[in-house]
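So the structure is just underneath, and the comments pick up after that.
Any read-out appearing in this document is the output of simple, stated calculations on the displayed coordinates, not a laboratory observation. Treat the numbers as computed from the prediction; the structure is a model and nothing was measured. Here the Cβ positions follow ideal geometry from the backbone for every residue, glycine too, while neighbour counts run over all protein chains shown.
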Amino acid sequence: MFIRRRTGSGWGWAGMFVLVAIAGRLSAAEPSPGMRDTLVFKDGDRVHGTLVEKTADAIVFRTERFGELRVKTGDAVVIHAEKRAAPAAIARPETPKPAPPVAPPVAQSDAAAKKAAVAAAEKADEERLSVWDRFSPSVLTARVRNYFGPWHGRVSFATELVTDTAQRNNSSYEAHLLRKWKVDEVQLNARYDYSEADKVTTTDVLKLWGLYRREFNQRFFALYRPTSEWNRESRFHGLPNDYYLLQQELGAGFQIVAKPSRKLRAGLSQNLFDTWNTAPDAGHSSRGVVSSFEEAELSLPWRITVSQRGVWYPIREQRDGWENRFEVIKKLTETLSTSVRHEIRRHNPDGTAQDYDRLKLLFGLDF
């Protein structure tokens, strides 16, 4: 009996030592509150935890509150915690000694301490963000997207500075907003073009336009397109011709192809042109013109989209007017894109608006 008791007691102390060693290893493997990574979603939400794996398609992220999360690589960005030096190894005692019994802590105190530790860790993570993390394209896009909510869009620009026989400065800035419902679509657009040569302004145009499209079924639709153009550096027959143009287009059409990746539309519209000339003589003119239009949209692999819109204005007493816009957009990432656009306008029905032919390379930030 005496031998059995001592043997059982020896196995009990050995088992306690093994449990203490395993608990020490598990607590050492858990990341401290100040060494957690941060997962930032596009809508601005953040989750703290540890990055498990990151591939070209998915991010695996382990958190304390929500367990293991798996999100798409393009839907979030990981901000890594700062690396800290590993603590020095502690020598293992030769003979373990039993610890004196300690009274269990109060549950409320443990909860309060854990809550305070989490709050302190989150504050430390916020302070640890670098300037690049705060102003990176992904974080900026997430903030803008959170501000606009269901609206999507793009902010793009193009600029050029050339010095040869003359010093030329060309720049263009654009903003685009889009929102779609089940049968309705709304677009808002703004563009500003400016050019000068040897400090003499040659182009100064501000253009605003919008679109409201209503689909009655899979084939028929109606649209309204208001357009305003303010040109403060225009010439007509060699003379100054600054003007403000307001065009309102009300039309209906038929969807020839209505697939998610391919769309082709055609229709007829009634246009009302109002022009206010400011130089050399102030005046106002207005006229209505019927037009036909066609629109095409195409989605290609490698995140490439192609769009085109052409309008024809048949007029009896003068040459027919027409305009066309063709654009190819390539998304480099979820937030960055580049596009090539060609625009042409000839013989605008208002009679004084300036013709143009533009080819531009634009870089944009999508949200």
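Other residues whose C-beta falls under 14 angstrom from the C-beta of residue 287 contribute a net charge of -3, scoring Lys and Arg +1 and Asp and Glu -1.
For the peptides 230-237, 162-169, the ranking by packing is 230-237, 162-169, with the highest mean count of neighbouring Cβ atoms within 10 Å listed first.
Can you tell me which of 357-364, 53-60 comes out highest on packing, and rank the rest after it, using the mean Cβ neighbours within 10 Å? Don't skip to the end; give the middle numbers.
Details: 357-364: 14.2, 53-60: 11.2.
Final packing ranking: 357-364, 53-60.
Once the Cα-Cα distance is subtracted from the 0.36 nm per residue extended length, the residue 262 to residue 55 segment shows a gain of 71.4 nm. Applying 0.36 nm per residue to the separation of residue 201 and residue 254 and subtracting their alpha-carbon distance, the gain on full extension is 14.8 nm. Here's the picture: a label point sits 7 Å out from the Cα of residue 281 along the beta-carbon direction, and within the stretch 207-234 the residues with their amide nitrogen under 20 Å of it are 234.
Just to confirm a number: summing +1 for Lys and Arg and -1 for Asp and Glu over residues other than residue 246 whose beta-carbon lies under 10 angstrom from that of residue 246, what do you get? Around residue 246, the charge tally is -3. Full extension of the chain between residue 333 and residue 294 gives 11.0 nm of extra length, using 0.36 nm per residue less the Cα-Cα distance.
Here the residues 311, 200, 306, ranked from fewest to most Cβ neighbours within 10 Å of their Cβ, fall in the order 200, 306, 311. The separation of the stretch 308-367 from the stretch 175-228, counted between C-alpha centres, amounts to 11 Å. Scaled against the 2.2 N^0.38 Å expected of a compact globular protein of N residues, the Cα radius of gyration of the stretch 263-367 reads 1.34. Using the Karplus relation 6.51 cos²θ - 1.76 cosθ + 1.60 with θ = phi - 60°, the per-residue 3J(HN,Hα) values for the stretch 219-234 come to 10, 9, 8, 10, 9, 9, 10, x, 9, 10, 9, 10, 10, 9, 8, 10 Hz, with x marking Gly and Pro.
Can you count the Lys pairs in the stretch 150-366 with C-alpha separation below 19 Å, eight or more apart or on different chains? Walk me through the numbers before you get to the answer.
Values: 180/259; 180/263; 182/259; 182/263; 207/360; 263/330; 330/360; 331/360.
Close lysine pairs under the 19 Å cut-off: 8.
Distance between the pseudo-spin-label points of residue 312 and residue 163 (7 Å out from Cα toward the beta carbon): 4.9 nm. If you take every residue apart from residue 204 with its C-beta less than 10 Å away from the C-beta of residue 204, what net charge results, scoring Lys and Arg +1 and Asp and Glu -1? Residues near residue 204 contribute -3 overall.
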